[in-house]
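Asker: The structure is given below, and queries will be raised subsequently.
Each reported figure results from applying straightforward, stated rules to the coordinates on display, with no laboratory input. Given the structure is predicted, the values throughout are model-derived calculations rather than measurements. Virtual Cβ from ideal backbone geometry, glycine too; neighbours counted across all protein chains shown.
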Amino acid sequence: MKLATLLVLLLAVQTLGATTIRVVKGGTVAQAFARAQAGDTVHIAAGVYQETDLVIGVRCTVLGASGAVIDAHKRGSSVISVHADDVLIRGLTIRNVAVAYTEDNAAIKVYDRRRITIERCTVENGYFGIYLSKSEDCTIAYNVLRSSGKEESSTGNGIHLWTSRNILVEGNDVRGWRDGIYFEFVHHGTVLSNHSESNNRYGLHFMFSDSCSYKHNAFVNNGSGVAVMFTHEVYMEDNLFQDNWGDAAYGILLKEITRGHMVNCRFVRNSIAIHAEGATSILIEGCEFRYNGYAMRMMGNCIGNTIRNCVFDGNTFDVTTNSTTSLNTFHRNFWSAYEGYDLNKDGIGDVPHHPVRLYSMLVEQIPSSVMLMHSLFISILDVAEQVMPSVTPETFVDVSPRMRPPRSRP
Amino acid sequence: MIGKLLGFALKDIARSKWVLLYVFFFILLTEGLLRFTAGEAKTVVGLMNIVLLLIPLGASMFGTLHLHNSREFIELILTQPVRRSSVFAALWLGVVIPFLAAFTLGVGIPMAAHGLIADPTIVALMVSGNVLTIVFFALSFLVGIVIADKAMSMGVAFVMWLFFAVLYDGLILWVSVQYADYPLEEATIAMVVLNPVDLARIVVTLTSDHAALMGYTGAVFNQFFGTMRGILISAGSLVLWTAVPLWFAKRAFDKRDW
């Protein structure tokens, strides 16, 4: 009891020791940052501050009042650079970050730091948004990030992480960047409940970022969807991949991904929902594929993947491959194209389902035959092939297809 | 003169109730697809499949049948002092105009009711349907006039439909498989342009969302149809498919001893 009292007193003294620096209209943020001592709080009142190249050099808390805007007017380099550990930045709005082709200018840039929190900030018209490099134990939460670049080359990434560990990215709303969320060499990252939409290239892009998890995110209408590469131990749950439609757009492109787990994800109206190349030992379960062009395009170098309890409904092609054998397992999925029966009423069809259509094999082998899409002749061929399979890979088979979709999640 | 003859022909068609049935069929079909399929893209694909099958089939069968059924009318009218070419023109326009109107209304009314009438894919579909109506009535008139026996000409019209709507794609596929090692894009374009049904299918597909699924080949086609040259070549093919059969049909009509 006494110990607890003592502790509370100590904390109070600590708080008393720290000062609060207020920046009001007419003052500058740069002065406030320069004056700040370790543990201080910098309050920035509403108003537009026309500053850039700001540096936070000590452990402190920066709080922006609503309407506190730092406008860089496309000048200088990064707007705020964090050069200290244990910094919290909350509620600031940062505008018009300078575009540079030799330097990654960001609204907030963190280099080689620990325990940085950036939350409820807004970036408008950024080049890069929030940029972390060689940092650990940081949180990027509930920020609203907007950019309006039209070309991939003149926009940066909304949230850009390079060689970082233990980062939480939560509840951000990211639109109009090159890549919405970009990870390279990031380990133990957690990406929760973010919304990444209308980015020029990818909604989410990561490479060499092992042991990260992605939950409850939405990746909608991005130029090329989502691309993830060269990574082990990826956990993805309840993400939405929607309306990523175009010649080179993927719901998700899995390239050289191993030991991944994808559960309860939804793929709606993507031109290619999952394109897998060199994906091995991935478990895909409980996912929904609806109204996609291709639901799953699995190249021959995908090995040991399991697809179970998924729903394939209304896709133009359910599964396509360029290989005649498959080392992957499909079972207990629901296929809207399944035409079998269930005599013993256990909910599992009595005849196996071959999800690869003859025509989809043809398209993979002779690309120009794609021009026969929706032709009656092709439908007749497909029916004939389904009755007596001769060309389609015998091993691409769901031996226990469901008669009805698995009960949807609450 | 031709106006009066056309009036007779139109009245005749109106009495037969086929056109009304045709309108209601397309209204029901379009409305049904709009209501019961998930998403606009699916509706368009469903509608396109039916339009590409049924319009050529209907026009082939009905055109041939109509000529044979109008035999007494033709014989009677030809005893009058009228030019044969006017009679032929009136007969042809007399079926084509009602069927064009029927298709346009049958698809157009439900689409307009759902606010989709200005959608490029729907426009492409309706234009294609109209063009196919014109082309296949031209072909069916040729068959109906050249072959005097009713059963025989119906059979030939059916085989003609089978060729354009189904077998021709088999031919394209066969060529694609045989010459798979060669770049086939231009050859495929040539083959597609030569068949009005395929041409219609490709144009509708390329205007729809499904264009994104067609990859490189689709891009080549898009580029072709995006140029004035491509448009002129396709339009030229369709005009030829209408004008050549009509010209031969008219010649046969002029010469035939009724």
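Asker: Just checking the output field for B:166-178: average partner chain Cβ neighbours within 10 Å of each residue's Cβ?
Answerer: 4
Asker: For chain B, the longest stretch holding no trypsin sites (Lys or Arg not before Pro) located in a DSSP loop with at most 14 other Cβ atoms within 10 Å is which?
Answerer: Result, exposed sites excluded: B:84-255.
Asker: According to the square roots a ≥ b ≥ c of the eigenvalues of the Cα gyration tensor, what is the shape class of region A:74-143, taking rounded for a/c under 1.5, prolate for a/b larger than b/c otherwise, and oblate for the remainder?
Answerer: Here region A:74-143 falls in the oblate category.
Asker: Using 0.36 nm times the number of residues separating A:Phe208 and A:Ser154, minus their current alpha carbon distance, what extension gain do you get?
Answerer: So the chain would gain 17.0 nm between A:Phe208 and A:Ser154.
Asker: Mean separation of Cα pairs under 8 Å and 6+ residues apart, divided by the residue count of chain A: what relative contact order is that in percent?
Answerer: About 6 percent, as a whole number.
Asker: Would you mind computing, in nm to one decimal, how far apart the modelled labels at A:Gln365 and B:Tyr216 are, each placed 7 Å from Cα along Cα→Cβ?
Answerer: Taking the simple label geometry, A:Gln365 and B:Tyr216 are separated by 1.8 nm.
Asker: Further, regarding this structure: What's the center-to-center distance, using Cα atoms, between region B:240-255 and region A:331-410 in Å?
Answerer: 47
Asker: Would you be so kind as to identify all helices of chain B, as entire DSSP H runs, whose Cα atoms reach 24 Å or more along the helix's own axis and whose mean Kyte-Doolittle hydropathy is at least 0.5?
Answerer: B:18-36, B:40-69, B:84-113, B:120-146, B:228-255
Asker: Which of the GluC sites (Glu not before Pro) found in region A:174-268 are in a DSSP loop and have at most 16 neighbouring Cβ atoms, other than their own, within 10 Å?
Answerer: Passing sites in region A:174-268 are A:Glu233.
Asker: For the pair B:Leu162/B:Ala118, report the inter-label distance in nm, with labels modelled 7 Å from Cα in the Cβ direction.
Answerer: Using points 7 Å along Cα→Cβ, the separation is 4.6 nm.
Asker: Can you figure out the FRET efficiency of B:Ala180 with A:Glu339, using R₀ = 30 Å and their beta-carbon distance, to the nearest 0.05?
Answerer: Efficiency, from the Cβ-Cβ distance: 0.50.
Asker: What number, rounded to the nearest 500 deg cm²/dmol, is the helix-based mean residue ellipticity at 222 nm of chain A, given -39500 (n - 2.57) per DSSP H run of at least four residues and division by all its residues?
Answerer: After summing the helix terms and dividing by residue count, I get -3000 deg cm²/dmol.
Asker: Quick check: net charge around B:Ala90, other residues with Cβ under 11 Å of its Cβ, Lys/Arg +1 and Asp/Glu -1?
Answerer: +2
Asker: Hey, another quick one. Which pairs, out of A:Lys74/A:Lys215; B:Lys4/B:Lys250; A:Lys150/B:Lys42, put more than 26 Å between their alpha-carbon atoms?
Answerer: Long pairs (Cα-Cα over 26 Å): A:Lys74/A:Lys215; A:Lys150/B:Lys42.
Asker: Taking H as built 1.01 Å from N, whose amide H comes closer than 5 Å to the amide H of A:Lys215, not counting residues under 5 places away?
Answerer: A:Val191, A:Leu192, A:Ser193, A:Glu237
Asker: Now for a different question. From the mean inverse distance of alpha carbon pairs (Kirkwood) and the Cα radius of gyration, derive Rg over Rh for region B:1-68.
Answerer: 1.13
Asker: Along its three principal axes, how long is region A:243-328 when you only count alpha carbons? Whole Å, largest extent first please.
Answerer: Each principal axis gives a Cα extent; for region A:243-328 these are 28, 25, 20 Å.
Asker: Starting from region A:98-180, pick out the GluC sites (Glu not before Pro) whose DSSP state is loop and whose Cβ has at most 13 other Cβ atoms within 10 Å.
Answerer: A:Glu103, A:Glu151
Asker: So the label point goes 7 Å from the Cα of A:Val24 along Cα→C-beta, right? Which residues of region A:30-53 then have their backbone N under 12 Å from it?
Answerer: A:45-46
Asker: Report the semi-axes of the equivalent ellipsoid for region B:2-255 in whole Å, largest first, where each axis is √(5λ) for an eigenvalue λ of the Cα gyration tensor.
Answerer: In descending order the semi-axes read 33, 23, 15 Å.
Asker: Distance cut-off 23 Å, Cα to Cα: go down the list A:Lys109/A:Lys255; B:Lys11/B:Lys255; A:Lys109/A:Lys134 and report the pairs above it.
Answerer: In this structure, A:Lys109/A:Lys255; B:Lys11/B:Lys255 exceed 23 Å between Cα atoms.
Asker: Taking each residue of A:356-368 in turn, how many C-beta atoms of other protein chains fall within 10 Å of its C-beta, and what is the average?
Answerer: That works out to 4 on average.
Asker: Please give the charge dipole size of chain A, origin at the Cα centre, charges +1 on K and R Cβ atoms and -1 on D and E Cβ atoms. Round to the nearest 20 debye.
Answerer: In debye, rounded to 20, chain A gives about 1400.
Asker: On a 0 to 90° scale, report how tilted helix A:2-17 is relative to the longest principal axis of chain A, with both axes built from alpha carbons and the result rounded to the nearest 10.
Answerer: 70
Asker: Sticking with this one: Quick one: length gained pulling A:Asp350 to A:Arg404 fully straight, 0.36 nm per residue minus the C-alpha distance?
Answerer: 18.1 nm
Asker: Can you list the equivalent-ellipsoid semi-axes of the protein assembly as shown, largest first and in whole Å, using the square root of 5 times each Cα gyration tensor eigenvalue?
Answerer: 65, 29, 21
Asker: Mind checking A:100-111 for the average number of partner chain beta-carbons within 10 Å of each residue's beta-carbon?
Answerer: That average works out to 0.
Asker: Also, quick follow-up: Kindly provide the trypsin sites (Lys or Arg not before Pro) of region A:118-211 that DSSP labels as loop, not H, G, I, E or B, and whose Cβ sees at most 11 other Cβ atoms within 10 Å.
Answerer: Sites meeting the loop and neighbour criteria: A:Lys150.
Asker: Give the Kirkwood hydrodynamic radius (Å, one decimal) of region A:85-239, defined as one over the mean of 1/r across all pairs of different Cα atoms.
Answerer: 14.8
Asker: To continue, here is another question. In vacuo Debye scattering of region B:142-181, one point per C-alpha: log10 I(q)/I(0) at q = 0.32 Å⁻¹?
Answerer: The computed values of log10 I(q)/I(0) come out as -0.94.
Asker: Further, regarding this structure: Quick check for me: using +1 on Lys/Arg Cβ and -1 on Asp/Glu Cβ, what's the dipole size of region B:1-152 about its Cα centre, in debye to the nearest 20?
Answerer: In debye, rounded to 20, region B:1-152 gives about 320.
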